[in-house]
Amino acid sequence: MEVINTIDQIKIIRQNYGNKTIGFVPTMGALHEGHLSLIQQARQENDIVIVSIFVNPTQFLEGEDLEKYPKKEQADIKICQLAGVDYLFMPTKDTIYTDDEIKVLAPNIRGYILEGYNRPSHFDGVLTIVLKLFGLIQPTNAYFGKKDAQQLSLIQQMVDNLFLPINIKAINTKRDSKGLALSSRNAYLTPKDKEKALLISKSLNLALKMVAQNELDVELIKQKMYTILDPIEVEYIAIVNYEFKYIEKVEIKNSIVLVAAKVGSTRLIDNMWM
Ligand code: AMP
């Protein structure tokens, strides 16, 4: 595996692609089993696998955790090596951004509900960095987690709207043995917080169970979920269809139930697809 830091190095690698298929996994590092499942899928489906690690400042809002975002550079390099990654791209901020730049704007509705409502302009930053990396790497396939469902849906929309010749691959959420969705931000949780955080997946599982029992009323499902989540600070519970439009009745195989909540001072998101 080669670790790359400059744009020129990536450009040279790209010139030598030939007809090979390129699988790309963008991340912010502090890699865990969730990231690894994206990388493994990319490894299975492509000739060359490129992973990027870049804590993208433009997707953090004022007062968020940009400065203290977990960093595990050496461990990340090892994980990528062992997973059979060909190139690990780790640029600095100044490699990626100049002072006055063109930005991608998230769409008015899908980009500004839920995560976009609570973190306005977050998705502008996400889409901008993803488009930059797509332009640079020009992957055949790009891998994203369903854990960040709204991000995934916006990236798919960007690819559709801008006619980008890239396949977006959606990968299932990895959880720990108790059901907590893996996240780099779990590093902020104390053992007590972790116990409380389990209420999130518990509430999502309850939603799935209700739907399995043919209870499709969104308001009723949300009410029951709020009861479970009472001990923690819920930011939102929502049920949307795969296009991220609010629905009143769950549509089987076309609905996502999402939760954002604060445990201690850590903001967590999770969802399940049904
Ligand atoms: P991040 O480093 O948090 O920006 O995540 C990089 C990619 O990994 C994104 O596409 C995430 O959706 C995905 N990801 C994060 N956590 C998980 C997880 N627990 N399971 C699967 N994919 C994940």
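The values are calculated or read from the model by the stated rules, or taken from the named source; none is laboratory data. Everything quoted here is computed from the prediction, not taken from an experiment. Cβ coordinates were reconstructed from backbone atoms using ideal geometry, including for glycine residues, and neighbour counts include every protein chain displayed. We work out accessible area using only protein heavy atoms, side chains counted, and drop any ligands, DNA or RNA first. Shrake-Rupley method; radii C 1.70, N 1.55, O 1.52, S 1.80 Å.
Tabulated values for the structure
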| read-out | value |
| --- | --- |
| Contact order relative to length of segment 175-274, as percent, for alpha carbon pairs under 8 angstrom and 6 or more apart | 27 |
| Sorted peptide list for 220-227, 26-33, criterion being average Cβ within 10 angstrom, highest first | 26-33, 220-227 |
| The chain, accessible surface, carbon-and-sulfur percent (1.4 angstrom probe) | 50 |
| Protection proxy ranking, peptides 80-86, 45-51, average beta carbon neighbours within 10 Å, highest first | 45-51, 80-86 |
| Geometric extent, Cα atoms of the chain - Rg, Dmax (angstrom) | 18.9, 56 |
| Computed log₁₀ I(q)/I(0) - Debye formula, equal Cα scatterers, no solvent, segment 229-274, q 0.15, 0.17, 0.20, 0.31 Å⁻¹ | -0.41, -0.51, -0.64, -1.05 |
| Nearest 10 degrees, 0 to 90: helix 218-228 Cα axis against the chain principal axis | 90 |
| Accessible area per residue in Å² at 1.4 Å probe, computed on the chain | 51 |
| At most 12 other Cβ within 10 Å, DSSP loop - GluC sites (Glu not before Pro), segment 177-247 | 243 |
| Cross-link pairs 209/249; 11/132; 103/146; 174/194; 93/132; 169/202 - those with Cα-Cα distance over 18 Å | 103/146; 169/202 |
| Relative contact order of segment 94-167, pairs being alpha-carbon contacts under 8 Å that are 6 or more residues apart, as % | 28 |
| Cβ-defined net charge surrounding residue 241, 12 Å radius [Lys, Arg +1; Asp, Glu -1] | +1 |
| Length-normalised contact order of the chain in % [C-alpha pairs under 8 Å, at least 6 apart] | 17 |
| Nearest 10 degrees, 0 to 90: helix 149-161 Cα axis against the chain principal axis | 50 |
| Distance from segment 31-79 to segment 168-220 (C-alpha centre basis), Å | 21 |
| Cα gyration tensor shape for segment 135-241, rounded if a/c is under 1.5, else prolate or oblate | oblate |
| Per DSSP, loop trypsin sites (Lys or Arg not before Pro) in segment 48-98 with at most 13 further Cβ within 10 Å | 68 |
| Principal axes of segment 187-274: Cα extent on each, largest first, Å | 37, 24, 16 |
| Reciprocal mean inverse distance between Cα atoms of segment 73-136 - Kirkwood radius, Å | 14.1 |
| Segment 123-216: trypsin sites (Lys or Arg not before Pro) falling in loop per DSSP and having at most 13 other Cβ within 10 Å | 178 |
| In degrees, nearest ten, helix 33-45 long axis to first principal axis of the chain (Cα) | 50 |
| Semi-axis lengths, Å, segment 25-183, gyration tensor of Cα atoms, sqrt of 5 times eigenvalues | 23, 18, 18 |
| Beta bridge orientation in the chain: antiparallel %, DSSP, nearest 5 | 50 |
| Ratio Rg/Rh, restricted to segment 124-190 and using Cα atoms, in which Rh is the Kirkwood radius | 1.05 |
